[in-house]
1. Have a look at 140, 164, 115, 169 and point out the one that is over 16 Å from residue 83 (Cα atoms) and modelled with pLDDT of 90 or more.
2. Among the candidates 151, 161, 131, which residue alone is touching a helix residue (DSSP H, G or I) at 6+ places or on another chain (Cβ under 7 Å) and either acidic (Asp, Glu) or surrounded by 13 or more Cβ atoms within 10 Å (Cβ to Cβ) (or both)?
3. Which residue pairs have Cβ atoms closer than 8 Å, lie 6 or more positions apart in sequence or on different chains, and pair a first residue in the range 23-50 that is part of a loop (DSSP other than H, G, I, E, B) with a second residue that is of a type outside the set (A, V, I, L, M) and surrounded by fewer than 10 Cβ atoms within 10 Å (Cβ to Cβ)?
4. Of the conditions (1) within 18 Å of residue 159 (Cβ to Cβ); (2) part of a loop (DSSP other than H, G, I, E, B), residue 103 clears all except one; give me its number.
Amino acid sequence: MNLRLGLISGILVFIAVPTMAEVYRNVDAQGNVTYSDEPSDGAEEVKVKPVTTITLPKPADVREPDKLRKEVEKEGSVYDSVRILAPKNDEAFHSGSGDVAFRVTSAPGLRTGHRYEITLDGQPVGQTTSDTLTVRNVFRGTHNAGVHIIDEKGVQVKTGDSVRFTIHRPSVNN
């Protein structure tokens with residue numbers, strides 16, 4: 001019995017201890033950067049910062065979900081629509097710097113304290129109270145962009161349709 005308890009405790013300690021792996025950065029002759037967990041000729045070790053953890057509030061401190069949902073629906077119902085005007089859906093364009101200028105609109109216009117939030121491939125990339133937002137250094141390729149209206153508490157109250165666009169950028173190969 002003690003052996004089993006010791007074995008289980010050992011396994012739990014092993015699982016709980018985070019593994020530290022080295023990360024190596026290598027740049028080839030064409031300027032392409034690759035990362036690996038295995039060292040190679042000319043690779044340099046990269047110091048990786050620890051992962052940020054978030055502690056969620058206790059359930060007792062969170063408002064009732066149904067009440068919060070009704071508040072959000074009420075705030076969102078004041079908007080008939082929100083959408084991205086530029087870039088247009090399925091548009092392809094060149095941008096040497098990778099900058100993408102988003103133009104958005106809503107009907108009616110934004111209420112005081114509300115902001116537009118632009119997402120790129122599902123990740124928030126900026127917020128604005130005006131109808132334009134420039135996102136810098138977007139990688140070449142095809143992306144999906146979305147727009148939301150965010151209230152003063154940071155809660156999404158209205159979501160528009162996403163658009164898909166392709167950005168062309170020069171590379172060392174062309």
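1. On the way: 164 fails: over 16 Å from residue 83 (Cα atoms); 115 fails: over 16 Å from residue 83 (Cα atoms); 169 fails: modelled with pLDDT of 90 or more.
None of the others qualify; the one that does is 140.
2. 151
3. The qualifying pairs are 30/173.
4. (2)
Matching residues to (1) in contact (Cβ under 8 Å) with a residue 60 or more places away in the chain; (2) outside any loop (DSSP other than H, G, I, E, B); (3) among the acidic types (Asp, Glu):
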residue	(1), (2), (3)
117	no, yes, yes
126	no, yes, no
130	no, no, no
144	no, yes, no
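The values are calculated or read from the model by the stated rules, or taken from the named source; none is laboratory data. Bear in mind the structure is a predicted one, so any value in this text is a computation, not a measurement. So basically every Cβ, Gly included, is an ideal-geometry build from the backbone, and we count neighbours across all protein chains shown.
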